[in-house]
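Taking it in order: structure first as structure tokens, then the write-up.
Since every read-out is calculated from the coordinates, none of them should be taken as a lab result. Because the structure is a prediction, the values reported are computed rather than measured. When we count neighbours, we look across all protein chains shown, and the Cβ atoms used for this are built from the backbone with ideal geometry, even at glycine.
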Amino acid sequence: MSKAGYAPLDAEGIRHYLHAIPVARERLGQDHAAWRIREVGDGNLNLVFIVEGEGAVVVKQALPYVRLVGESWPLPLKRSFFESNALFIQEKHAPGLTPKVHHFDDRMALIVMEYLSPHIILRKGLMQRKYYPKAAATIADFMALTLFNTSMLASSAEAHKARIELFASNTALCRITEDLVFTDPYRQAALNRWTTPYLDGIKAAFERDNPLKLAAQEKKWQFLTEAQALIHGDLHTGSVMVTEEDTRVIDPEFAFVGPMAFDVGAIIANYLLSFFSHRGQAVDGRPDSYCDWLLEQTEVLWTVFESRFLELWQAGGKGEVFAQGLFEEVADAQALAAHRRTFMQRLFRDALGFAGCKMIRRILGLAHVQDMESIGNPEIRARAETLALTFARQLLLHAHGFTGIRDVAVAAQEHAHP
Ligand code: SR1
Ligand code: MG
């Protein structure tokens, strides 16, 4: 799995490596013995170092296996190539919303990038009940800019097919999603885990729930076949870094050309998981302004995304499909405007379905979220998780019943307080 010349680095290896890289020395200063280096990776896959000297950088290096599981699960180093390419493309279309890439080394599967400070991971901030007034709107903006501009609404078929080709061999990371998001939670799989014994019943019921399994398989079909745009592929609240003022989307190693709604659904799912994690811990069900804010921000995710996406489209999609020359007359333009609304409604419903899958996998599958895991009392954790699971089922099975994102927020609130 590892390639010639590759070796995973420790702190001293990073010092030596960066000393030979002019762009790193420019930022950190010449006195490399004085650089302070710490490994901070707490994700599921990679090594991450913060290196501080006169300035600072982050170094992310892929390991040839899944860090969460160990060497028994090999994983291609090429994910680093996909991540760096996705970061370049995202920076082009959504400038300033991702970390800058200073250096990429394909052989070492290593990216040197901007150190974001004093940013923290959005998930951690939400767990601490912190308010980020700009985060949801900025993430929505990021999605609209990257998804619209890497689709054939904005580019030619040739450019799109080149994009598909560039990311087509990111199969191992797509395979993780195919199994862990769309399949394993609904069957017995060795790596599944859940809050036992409290969720044993619901886990067994989901395994027998044919309408639910069919709906999940419909989403898997879309994930596998809809080559709509370059998607981030893992857009949860752990893939966003924030301050009150600034929001950056990180970690696009799962990027490939797939369904736009997958990214939108992923981030909606993670705001809802945060909501249910807080709501499930409220013993007496008293109103909670932080939970209200989380639902408001869930609404912002969709409403800003929709309006920015439509704005970009109306401003003149210069792409392969819906070519402007086809809709010159007033009646044509009206028909096109009406169709855009239908297009966005479909995207909305697809996003809700993906959101349902993404919530379920974080509770019944291998990789969980800290929002829930940090709830020490298993009975209370199971209460929060049950609320999230049963709501997720509703999203996945009855996406058509939600006429808008307000509906979803109202239903989530009622679900938490019947
Ligand atoms: C085995 S990797 C588990 C999960 O971590 C990543 O963040 C993705 O969400 C993946 O599904
Ligand atoms: Mg990640």
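Between 59, 330, 40, the residue with the greatest mean-square fluctuation in the GNM of the chain (Cα pairs under 10 Å linked by springs) is 330. Our coupling estimate for region 338-347, obtained by passing each phi through the Karplus curve with A = 6.51, B = -1.76, C = 1.60 and θ = phi - 60°, is 5, 5, 4, 5, 4, 4, 5, 5, 5, 4 Hz, Gly and Pro reported as x. Between residue 377 and residue 281, the distance separating the two model label sites (each 7 Å from Cα on the Cα→Cβ line) works out to 1.2 nm.
What separates the Cα centres of region 17-43 and region 70-149 is a distance of 20 Å. Three principal axis extents describe the C-alpha atoms of the chain; from largest down they are 62, 61, 39 Å.
Using the rule -39500 (n - 2.57) for each DSSP H run of four or more residues, divided by the residues of the chain, the 222 nm mean residue ellipticity is -17000 deg cm²/dmol. Given R0 = 35 Å, the distance between the Cβ atoms of residue 321 and residue 134 translates into a calculated FRET efficiency of 0.60.
What is the calculated FRET efficiency for residue 334 to residue 225, with r their C-beta to C-beta distance and R₀ = 41 Å, to the nearest 0.05?
Numbers: r = 31 Å, r/R0 = 0.77.
With a Förster radius of 41 Å, E is 0.85.
Among residues other than residue 388 with Cβ under 11 Å from its Cβ, the summed charge is +4 (Lys and Arg +1, Asp and Glu -1).
Each listed q (0.14, 0.18, 0.24 Å⁻¹) maps to a log10 I(q)/I(0) for region 141-229, found by the Debye formula over equal Cα scatterers with no solvent: -0.68, -0.89, -1.18. Taking amide hydrogens as placed 1.01 Å from N in the peptide plane, the amide H of residue 251 sits under 5 Å from that of no residue at least 5 positions away in sequence or on another chain.
When a/c is below 1.5 the answer is rounded, else prolate if a/b is larger than b/c, else oblate, so apply that to region 271-418 with a ≥ b ≥ c taken from the square roots of the Cα gyration tensor eigenvalues. Here region 271-418 falls in the prolate category.
Does region 11-114 classify as rounded, prolate or oblate by the C-alpha gyration tensor (a ≥ b ≥ c root eigenvalues; a/c under 1.5 gives rounded; else a/b over b/c gives prolate, otherwise oblate)? Please list the in-between numbers first.
Working: a/c = 1.96, a/b = 1.20, b/c = 1.64.
The shape class here is oblate.
Considering the chain as a Gaussian network with a 10 Å cut-off on Cα pairs, which listed residue, 376, 53, 353, attains the greatest mean-square fluctuation? With Cα springs under 10 Å in the chain, the top fluctuation among 376, 53, 353 is at 376.
Between 324, 61, 297, which gets the highest mean-square fluctuation from a Gaussian network model of the chain, Cα cutoff 10 Å? Between 324, 61, 297, it is 324 that shows the largest mean-square fluctuation. Remark: region 195-203, residue by residue, has Karplus-estimated 3J(HN,Hα) of 6, 8, x, 4, 9, 4, x, 6, 4 Hz, where x stands for each Gly or Pro and the curve is 6.51 cos²θ - 1.76 cosθ + 1.60 at θ = phi - 60°.
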